[in-house]
Amino acid sequence: MSNLEKVDPEIAAVIRREQDRQLRGLELIASENLVSRAVLEAMGSILTNKYAEGYPGKRYYGGCEFYDIAENLARDRMKQLFGAQHANVQPHSGTQANMAIYFATMECNKDRMLSMSLTQGGHLSHGSPVSFSGKMYQVHQYGVDLESETLDYGKVGELAHAVKPKMIVCGASAYPREIDFRAFMEIAESVGAYCMADIAHIAGLCASGIHNSPVGVVHFTTTTTHKTLRGPRGGAIMCNQEYATMVDKAVFPGMQGGPLMNTIAAKAVCLKEALRPSFKEYNRQIVKNAKVLAQVLLDAGLRLVSGGTDNHLMLIDLTRQGLTGLEAETALGKAGITVNKNTIPRETKSPFVTSGLRIGTPAVTTRGMKEQEMQMIGDLITRVIFHPQDAGVLSAVHREVSELAGKFPIYPE
Ligand SMILES: *Cc1c(COP(=O)(O)O)cnc(C)c1O
């Protein structure tokens with residue numbers, strides 16, 4: 001960072017301090033990960049300098065011959081990884097990937113969409129009233145069954161028949177169980193709706209065959225590239241060839257101008273990494289780690305939403321402890337453990353306070369942590385949750401967190 005230190009020491013200091021925080025702490029936010037040095041190098045490259053509006057071979061600017069190679073590599077690798085007929089790697093984020101599909105399929109202020117509610121696991125961009133998606137479309141929502149806290153496909157089907165939506169959205173941000181994408185597609189077909197699966201969180205698991213994949217099953221699959229896929233912050237879309245033109249037009253010129261070509265190059269790099277056999281092994285370890293961590297929390301007497309996990313995340317219901325998600329997040333933060341508060345089914349508190357905590361294993365698994373470390377992390381978390389006000393406990397846990405994190409570099413390779 002020698003140039004940055006000279007030109008802007010304040011920002012250089014921010015980066016140094018943040019790097020230190022990432023190194024010393026335990027990152028357990030389910031939607032976060034740590035990218036490789038190769039991904040960082042592509043993102044920080046001179047590929048940020050140019051406009052490349054359009055698609056490979058059909059650009060609106062000259063001088064794009066090398067950008068075409070990068071974007072084709074990203075698209076081809078994504079198709080190969082997921083077995084997709086078509087891929088668009090230009091969306092700047094997961095929300096924009098979803099926006100493109102809505103623009104491609106629904107008419108504003110008219111068409112109905114059926115999606116999972118935010119408080120029960122869905123995402124803001126799935127029709128929350130504070131998001132563009134809730135303002136532009138007639139949104140109807142399904143949730144989980146309040147007894148099992150899992151999806152009830154029969155109920156979703158009944159809702160679909162009552163609502164007759166143009167679009168059914170499946171996929172979640174805080175759902176610890178496997179989603180049956182084929183069941184959603186069958187429901188969509190039975191009412192003549194489009195089906196979009198948003199695999200932002202579980203893309204790595206789907207690519208690795210650990211979670212069933214919606215690619216080729218539903219009409220449109222959207223994702224982020226920065227969660228379990230372990231790439232740069234961004235979005236992508238996959239679909240069958242018959243929808244390729246409609247999707248591409250919705251992204252550009254429908255919704256975006258120039259693509260972030262440094263990010264697209266970095267997406268190509270992360271997808272190359274994801275095609276290696278070690279990526280499957282990594283994703284298997286994410287799930288093994290989550291299962292061990294969940295068991296430690298259950299054994300300590302904590303309640304997990306739906307009783308456990310099938311994927312990379314779990315939701316702790318703190319109601320019995322008389323603690324809010326906000327209080328638990330704050331106490332764990334003081335001890336160097338980063339998590340986020342989250343609503344749970346039957347939520348009674350505001351989204352800023354909440355009754356739950358969402359915990360995920362992708363980032364600590366990237367650092368090389370395995371079952372033994374999950375046991376330790378589970379113990380550290382429970383000590384904080386049972387003694388959130390005890391400064392002695394918090395500082396003791398913080399010391400142990402730093403010690404554990406110090407043994408696992410951010411860049412294992
Ligand atoms: C994270 C997430 C997104 C959006 O990601 P951004 O890149 O932050 O816009 C979309 N859908 C789901 C289900 C997510 O979990």
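The values are calculated or read from the model by the stated rules, or taken from the named source; none is laboratory data. Please read these numbers as outputs of a predicted model, since none were measured by experiment. Because the Cβ atoms are built from the backbone with ideal geometry, glycine has one as well, and the counts that use them run over all protein chains shown. Heavy atoms of the whole protein, side chains included, go into the accessibility calculation; ligands, DNA and RNA do not. Shrake-Rupley method; radii C 1.70, N 1.55, O 1.52, S 1.80 Å.
Just a few scattered comments:
- For the chain, the dipole from Cβ point charges (+1 on Lys and Arg, -1 on Asp and Glu) about the Cα centre works out to 380 debye, to the nearest 20.
- Positive-pole candidate from Q375, A74, S148, dipole of the chain, charges at beta carbon: A74
- Peptides ranked, highest mean first, by Cβ atoms within 10 Å: ranges 333-343, 213-223, 291-301: 213-223, 333-343, 291-301
- Pairs spanning more than 26 Å between alpha-carbon atoms, out of K135/K166; K227/K280; K79/K164; K135/K334; K249/K280: K79/K164; K135/K334; K249/K280.
- In region 26-154, the C-alpha radius of gyration followed by the widest Cα-Cα span (Dmax) gives 19.0, 59 angstrom.
- FRET efficiency, A300 to E158 (Cβ-Cβ, R0 35 Å, nearest 0.05): 0.35
- Accessible solvent surface per residue of the chain, calculated while the other protein chains remain in place, 1.4 angstrom probe, Å²: 42
- Label-point separation in nm, F352 to A244, each point 7 Å along Cα→Cβ: 4.8
- Charge dipole (the chain, unit charges on Cβ, about Cα centre) - positive-most of N240, Y60, A207: Y60
- Accessible carbon and sulfur surface of region 121-267 relative to its total accessible area, %, 1.4 Å: 51
- For region 41-274, dividing the convex hull volume of the Cα atoms by the residue count gives 112 Å³ per residue.
- Adding -39500 (n - 2.57) for every DSSP H run of four residues or longer, then dividing by how many residues the chain holds, sets the calculated 222 nm ellipticity at -13500 deg cm²/dmol.
- Qualifying aspartates and glutamates (Cα of each under 12 Å from Cα of K272; at least 8 residues distant if same chain): D76
- Kirkwood hydrodynamic radius over Cα pairs of region 164-210, then Stokes diffusion coefficient at 10 °C and 1.306 mPa s, in µm²/s: 139
- Per-peptide average of other Cβ atoms within 10 Å, ordering 249-260, 144-155 highest first: 249-260, 144-155
- P(r) for the chain, from all Cα pairs and a bin width of 10 Å, is 5, 22, 30, 27, 14, 3, 0 %, short bins first.
- Point-to-point label distance, E186-A391, nm (Cα→Cβ direction, 7 Å offset): 6.0
- Per DSSP, loop trypsin sites (Lys or Arg not before Pro) in region 373-413 with at most 14 further Cβ within 10 Å: K407
- Here each label is just a point 7 Å from Cα along the line to Cβ, and for E53 and D145 those points are 5.2 nm apart.
- Stretched out straight at 0.36 nm per residue, the stretch from E5 to E107 would grow longer than its current Cα-Cα span by 31.8 nm.
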